[in-house]
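Structure record follows, encoded as structure tokens.
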Amino acid sequence: MKALRFERNVPRFAAAAVAGRLAGGAGAKVGPLRLRSVDPPEPPGSDWTEIKPRLAGICGSDLATIDGHSSRYFEPIVSFPFVPGHEVVADLDEAVGEVPAGRVVVEPVLGCVTRGIDPVCDACARGDLGNCERIAFGAIEPGLQTGFCCDTGGGWSTRMVAHASQLHAVPAHWSDEAAVMVEPTACAVHGALAAQVREGDLVVVLGAGALGLLTIAALTRFAPACTVLAVAKHPVQRDLAAQLGAHTVVAPGEIARAVRRATGTMAIGDGDIVRLTGGADVVIDCVGNDTSLAQALAVVRPRGRITMVGMPGHTQVDLTGLWQREITLAGAYAYGTEVLADGARHRTFDLAFDLVDAADLGRLVSATYPLARFTDAIAHAASAGPRGAVRIAFDLRNEKERNRA
């Protein structure tokens, strides 16, 4: 079968890191990601089955990996060589478990059940799959998610395998573009609810790429009534942020003054604002770098909360303000189950399906590419904002190898 495979190759990884600093996505040309003809992965157990990807998205963590920017933290919890692609809508030829044949979305976290571990860890028992304590153990090789595990394959290929518990049937009337947005939407739903927004709060969403826009949509649908102030760089992002529920949308350089206007707080600084003395109740950082975290610390109020939804790596940020103003800094990774304001508990993926349908999120898929044009696809994804795009995906539907017996 045909697959984009990420191989352990230190010289290529170093070349990707250099190229990636010069231009986003340039690591795809020189790095460890290669288009290969490989054997399809074998199902590692009786509860596993083969699926055929139709669309597979390219997200920020994929880009960080390809450009050599991802943290070495991940090394013990991935296994090489792996086929990336964890935002997947695929064809399931035969029913498995309670999932009928047809189109399916993959819930990619590889928790205890997929690993054949019994009894499951406490996090999996609660339904908090993203917090699984066994992602490097069990019947399959290490891998925090499908797309980072050598045994499962990934969506950037014509065939892969999935555990029955990972599969969600796609409604017949949905487009593939809507279905491929379910996984990133689940991340955003979890991030929005992990922010612990209270009624009447001012919530700043930093970043308006796909994750930021989906977080705005999730706040609008599932959080208590609050005011959402979005920070967006590009015109298309600003328009979409407003359409998805942001009450105010500002450019990155305007954030401190916008929060000051909204809260009436005082500011410190001679001319340019250094930081606010009060500020937003909650900041959701959907970027995850030094600059965004520094911005969050500058505009959140004392005892406010910063939730990092965007994947950070190594950062250098002055945390004195976090200490002196007693700010809470928390991460939000993946998904599992959520508790809504009425106390009801739901699987995050069920909420994501609801949100994709209600907010018509399939429209955020801006362009698709065949595997053979992977360098173009990666470059487009890395420059999506300036090019007026949101989510870029691989289109496997017309790949010849996909339909061979």
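The values are calculated or read from the model by the stated rules, or taken from the named source; none is laboratory data. Remember, predicted model here, so these are calculated numbers, not experimental data. Positions of Cβ are backbone-derived with ideal geometry, glycine not excepted, and every protein chain shown enters the neighbour counts. When the accessible area is computed, the model is the full protein with side chains, heavy atoms only, and any ligands, DNA or RNA have been set aside. Shrake-Rupley method; radii C 1.70, N 1.55, O 1.52, S 1.80 Å.
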Single condition Gly385 does not satisfy, out of (1) open to solvent by 20 Å² or more (accessible area, probe 1.4 Å); (2) farther than 25 Å from Pro53 by Cβ; (3) assigned to a loop (DSSP other than H, G, I, E, B); (4) of a type outside the set (S, T, N, Q): (1)
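Show me the strands (runs of 3 or more DSSP E) entirely contained within region 236-337 in which 1 or more residues are of a type in the set (Ser, Thr, Tyr). Show your work before the answer.
Working: elements: 248-250, 280-285, 300-308, 328-331.
Result: 248-250, 300-308, 328-331.
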Scan of region 356-377 for residues that are open to solvent by 30 Å² or more (accessible area, probe 1.4 Å), touching a residue at least 60 places away in the same chain (Cβ under 8 Å) and assigned to a helix (DSSP H, G or I), ordered by number: Asp357, Ala358, Arg363, Ala372, Thr375
Residue satisfying condition, being open to solvent by less than 40 Å² (accessible area, probe 1.4 Å), β-branched (Val, Ile, Thr), touching a strand residue (DSSP E or B) at 6+ places or on another chain (Cβ under 8 Å) and within 30 Å of Phe353 (Cβ to Cβ), within set Val249, Val259, Val287, Val228: Val228
Test: residue in region 341-352 that is open to solvent by less than 70 Å² (accessible area, probe 1.4 Å), assigned to a loop (DSSP other than H, G, I, E, B), in contact (Cβ under 8 Å) with a residue 12 or more places away in the chain and at positive phi: no
Residues satisfying the stated conditions in region 315-330, i.e. surrounded by fewer than 14 Cβ atoms within 10 Å (Cβ to Cβ) and within 30 Å of Cys121 (Cα to Cα): Thr328, Ala330
Filtered residues of region 345-372 (kept if of a type outside the set (A, V, I, L, M) and more than 19 Å from Gln237 (Cβ to Cβ)): Arg345, His346, Arg347, Thr348, Phe349, Asp350, Phe353, Asp354, Asp357, Thr368, Tyr369, Pro370
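Residue by residue through region 289-311, note down the ones that are touching a residue at least 40 places away in the same chain (Cβ under 8 Å) and not β-branched (Val, Ile, Thr).
Let us first name the residues in region 289-311 that are touching a residue at least 40 places away in the same chain (Cβ under 8 Å), namely 292, 295-296, 298-300, 305, 307, 309-311.
Those that are touching a residue at least 40 places away in the same chain (Cβ under 8 Å) and not β-branched (Val, Ile, Thr): Ser292, Gln295, Ala296, Ala298, Arg305, Gly310, Met311.
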